[in-house]
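These notes concern the structure reproduced below.
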Protein chains: 4
Amino acid sequence: MQPVGHTKWAIAEGYIPAYSNGPEPQFTSHETVCILNAGDADAHVEITIFYSDKEPVGPYKETVPARRTKHIRFNNLKDPEPIPLDTDFASVIESDVPIVVQHTRLDSRQAENALLSTIAYASN
Amino acid sequence: MQPVGHTKWAIAEGYIPAYSNGPEPQFTSHETVCILNAGDADAHVEITIFYSDKEPVGPYKETVPARRTKHIRFNNLKDPEPIPLDTDFASVIESDVPIVVQHTRLDSRQAENALLSTIAYASN
Amino acid sequence: MQPVGHTKWAIAEGYIPAYSNGPEPQFTSHETVCILNAGDADAHVEITIFYSDKEPVGPYKETVPARRTKHIRFNNLKDPEPIPLDTDFASVIESDVPIVVQHTRLDSRQAENALLSTIAYASN
Amino acid sequence: MQPVGHTKWAIAEGYIPAYSNGPEPQFTSHETVCILNAGDADAHVEITIFYSDKEPVGPYKETVPARRTKHIRFNNLKDPEPIPLDTDFASVIESDVPIVVQHTRLDSRQAENALLSTIAYASN
């Protein structure tokens, strides 16, 4: 398939709740960046995390193989450093080939989970 | 009415919860692609499903008649094969005439349902 | 302020739950189209409703005055006819001046409410 | 990093629930505008609030420093005046440098919270 999407995306909202309810890992509170690489070349993706009170951290490097999707939990980013819980952040996602990016959160701090999702901002 | 929309769309997030609570079919956990064909020609739509660990599957073929909307549950796609539950996926939606695509999930795994929705990514 | 937005928008998702829990009118299950008219001329808005199994109905006519927002519940549209409950629909929103359109649902069928929202599709 | 985004954004939906459940401040019902300034110059941001029945109020002035994100609760805007609770509003966000804007609500009026989020409308 022809590649679909843009090579630079941004998500202004980011927040990993500090605790969870329910069976893991499905009900662990999480903030996810969903990436689709519909094209025939692997996507080398770099994620930069922005904070309210300190310099950006990154890049976090991920590969999304050709014709694959990868749903990455911000909770699981480790290198160069984990993202602190209960802290506002934002992210910029850059790729060497076009990708599509969507942002989802599952918040299970209370007995019943809550969900949000939005297409990310596609930069020109 | 003049046709509205694009002919190629993408949804990077996809996940059908493995179980549900509440009366069926309204409260069955579901992942939906909502398609609007505002124009005067039938839309022949092809959906391709992308996974994290295997080649894409499809096309799943759907017709959205002229001046109609169709809200398709990914749960109900059968041909060429059903989408497995509790599995990350993404989708590309292609049509021979302009359509508008929106993505919605109702998650009823817990006693109280949760909802998410977003406009899909409109490809140029 | 200069006008902001587009003159034609579409929302592919639409569904008014058939029942509700909690105090009215805040917790009545509702599907809302939020319109912002930031400019200095009144917006004459026409909403057309699309169904899965019958011809479109409309236009429903609304005026959003200059420099005002109007959050219209689809539940409250009466002329030419109410939108049936528990029925899939979609909508196209047209205006004579630029507006911004966002779609929100509050679903209170269960004891705890659920929310979704997305920017609508801005047509060129 | 190069600046990302647009200099004018709009959010047609706005509503601060009148009450809350759960520990403050995380579970206080809130309506948030999340702003990312990825570039190397501070962003001087002006927010104008639109109502259904009176003239717009503003600008509310905020600075988002270079390479920072700021998640602003509409609840906390004070100057020129607080936004009333349980009231429909909308907003236009203007900046002197490109920013990215996302809208999120946490509604904790009931025992279990509900979430919504969407990218804002990027004006040309």
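The values are calculated or read from the model by the stated rules, or taken from the named source; none is laboratory data. A quick note: this is a predicted structure, and the numbers were derived from the prediction, not measured. So basically every Cβ, Gly included, is an ideal-geometry build from the backbone, and we count neighbours across all protein chains shown. Note: accessible area is taken over every heavy atom of the protein model, side chains too, but ligands, DNA and RNA are not part of it. Shrake-Rupley method; radii C 1.70, N 1.55, O 1.52, S 1.80 Å.
Below is a table of values for the structure above.
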| item | result |
| --- | --- |
| Top-ranked residue in region B:85-100 [being of a type in the set (D, E, K, R) and within 13 Å of chain A (Cβ to nearest Cβ); ranked as nearest to B:PRO17 (Cα to Cα)] | B:ASP86 |
| Unique match (being of a type in the set (A, V, I, L, M, F, W, C), open to solvent by less than 50 Å² (accessible area, probe 1.4 Å) and modelled with pLDDT under 95) among B:ALA90, B:ALA122 | B:ALA122 |
| Qualifying residue in region A:63-71 (condition: facing chain D (nearest Cβ under 10 Å) and without any contact (Cβ under 8 Å) to a residue 24 or more places away in the chain) | no |
| Answer residue from region A:28-73, given it is at pLDDT below 95 and in contact with a Pro (Cβ under 9 Å, 6 or more places away or on another chain) and is most open to solvent (accessible area, probe 1.4 Å) among those | A:ARG73 |
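Conditions (1) within 14 Å of chain D (Cβ to nearest Cβ); (2) in a strand (DSSP E or B), marked per residue:
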{"site": "A:LEU36", "(1), (2)": "no, yes"}
{"site": "A:ALA41", "(1), (2)": "no, no"}
{"site": "A:ILE47", "(1), (2)": "yes, yes"}
{"site": "A:PRO59", "(1), (2)": "yes, yes"}
{"site": "A:PRO80", "(1), (2)": "no, no"}
